[in-house]
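Working notes for the structure below.
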Amino acid sequence: MQTRIETGILGATGMVGQHFIKFLQGNPWFDLKWLGASDRSAGKKYRDAMTWHLPGGTPDSVADITVDECKPGNAPRLLFSAMDASVATDIERAFAQAGHVVVSNSRNHRMERDVPLLVPEINPDHLKLVPGQQRLRGWTGQIVTNPNCSTIVLTMGLAPLKQFGITKVIVTTLQAISGAGYPGVASMDIVGNVVPFIGMEEEKMEMETQKIMGEFRGDHIEPLAAKVSAHCNRVAVVDGHTVTVSVELASKPSLADLRNAIENFTGVPQQRQLPSAPPKPVIYMEEANRPQPRKDAERERGMAAFVGRLRACPVLDYKFVALGHNTIRGAAGAAVLNAELMHSEGMLD
Ligand code: NAP
């Protein structure tokens, strides 16, 4: 764990690319050396190739890096991908074929049978799909993905309850505008308003949740046999996706059993003290009016999920609220934690 691993970003000039750059600052394992984007940006200094949208200005460590085209050749073996979804499929595959480890935030490969959709606290064993992926596709590299930004908040809220047999989930989201990238939703559509539709978001939440919480079965993941129904809404919040959840549980645990399960929930990233792992992945808040995005999303470097208001549900068994930072735990931070888990498994050697 002593030698720093050189890394790069596919789609470094975009919104998620900038979040990767910011999140990787000071990472003790990964050394950001290479930035890739489209041919519109290639050949320019990073500072000239994009407009920096995050607080604090363009970090000095990347400002003078010359942006490269997203073609295998010069990039380090480990790449984080924040590529536009319209081009990510072929470009990520080309890099994996050329021997790169592509840790992707894009949606393109998440639901492929041999691609891990990883949340290190929930399904670290899904990395066992990788040897089969390499065998089947003839790749020396690999693709590993992280979930959609609202799915990760839901699954972290559900993860402590999995032991009680989740059979039905109804989730309603209140999703921040930063999840729509830049410039995102027009101000006239979102200020003082709620938009009750986010394209393909409900389908993604339903399918991804079943895969993430499913079981590794040799060459595929057996999805969690729970019905999941999602209602997705965009609200006038800058950062932090909130989800309200009702859940049916087969073993009919008591409220105290659930609270105990949430309090004691931990995972491999915590046991191995991975650099980006929050000390507690799920934090229960006692206050009746918490968690709230403005007050809680940034806590724990944006890497924890906050749960509150756990109570009986008159339709299913229990209901609660969960919150997570959509561009950190829901995007860049999720992918970096995935790569840290992979390094701790010896997969980046
Ligand atoms: P974005 O701001 O539009 O950035 C897209 C990036 O892809 C830019 O670096 C762009 O480079 C690059 N790109 C576009 N066409 C390319 C090509 N032909 N070859 C190589 N690079 C190309 O998008 P974003 O909001 O960061 O989202 C990136 C990905 O993350 C998407 O798949 C999105 O669905 C996913 N995601 C986004 C969020 C979010 O909060 N925004 C959250 C979760 C997941 P140029 O600057 O040179 O055009």
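The values are calculated or read from the model by the stated rules, or taken from the named source; none is laboratory data. Note that the coordinates shown come from a computational prediction; the quantities given were computed from them, not determined experimentally. As a convention, Cβ positions derive from the backbone with ideal geometry for all residues, glycine included, and neighbour counts pool all protein chains shown.
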Taking the criterion of being more than 24 Å from G179 (Cα to Cα), more than 7 Å from the ligand (Cβ to nearest atom) and of a type in the set (K, R), would at least one residue in region 44-51 satisfy it?
yes
Here the residues within region 72-87 that are in contact with a Gly (Cβ under 8 Å, 6 or more places away or on another chain), modelled with pLDDT of 95 or more and within 9 Å of the ligand (Cβ to nearest atom) are S81, A82, M83
Give the residue, chosen from A94, A63, A37, A85, that is farther than 30 Å from R272 by Cβ, in contact with a Cys (Cβ under 9 Å, 6 or more places away or on another chain) and surrounded by fewer than 17 Cβ atoms within 10 Å (Cβ to Cβ).
A94
Scanning region 155-197 for residues that are polar (S, T, N, Q), within 28 Å of D317 (Cα to Cα) and within 16 Å of the ligand (Cβ to nearest atom) gives T155, T173, Q175
Please count how many residues of region 305-337 are in a loop (DSSP other than H, G, I, E, B) and either in the same structural domain as V102 (by TED's automatic domain parsing) or buried (at least 24 other Cβ atoms within 10 Å of the Cβ) (or both).
3
So in region 97-127, with the set limited to residues that are among the charged types (D, E, K, R) and more than 16 Å from the ligand (Cβ to nearest atom), which one is surrounded by the most Cβ atoms within 10 Å (Cβ to Cβ)?
E121
Somewhere in region 189-210, is a residue modelled with pLDDT under 95 and either outside the structural domain of H126 (by TED's automatic domain parsing) or assigned to a helix (DSSP H, G or I) (or both)?
no
Can you pull out every residue in region 286-301 that is touching a strand residue (DSSP E or B) at 6+ places or on another chain (Cβ under 8 Å) and surrounded by 15 or more Cβ atoms within 10 Å (Cβ to Cβ)?
R290, P291, Q292, P293, D296, A297, R299, E300
Collect the residues in region 1-43 that are free of Cβ contacts under 8 Å to residues at least 40 places away in the same chain, away from the ligand (no atom under 16 Å from the Cβ) and over 22 Å from the mean Cα position of the chain (by Cα), keeping them in residue-number order.
Q2, T3, R4
Criterion first (of a type outside the set (S, T, N, Q), more than 16 Å from the ligand (Cβ to nearest atom) and at pLDDT below 95) does D317 satisfy it?
no
Number of positions in region 205-239 that are in contact with a Lys or Arg (Cβ under 7 Å, 6 or more places away or on another chain) and touching a residue at least 40 places away in the same chain (Cβ under 8 Å)
7
The correct count of residues that are of a type in the set (G, A, S) and within 18 Å of the chain's Cα centre (by Cα) in region 200-226 is 1
Going through region 128-159 in order, the residues found to be among the aliphatic types (A, V, I, L, M) and either surrounded by fewer than 23 Cβ atoms within 10 Å (Cβ to Cβ) or part of a helix (DSSP H, G or I) (or both) are L129, V130, L136, I152, V153, L154, M156, L158, A159
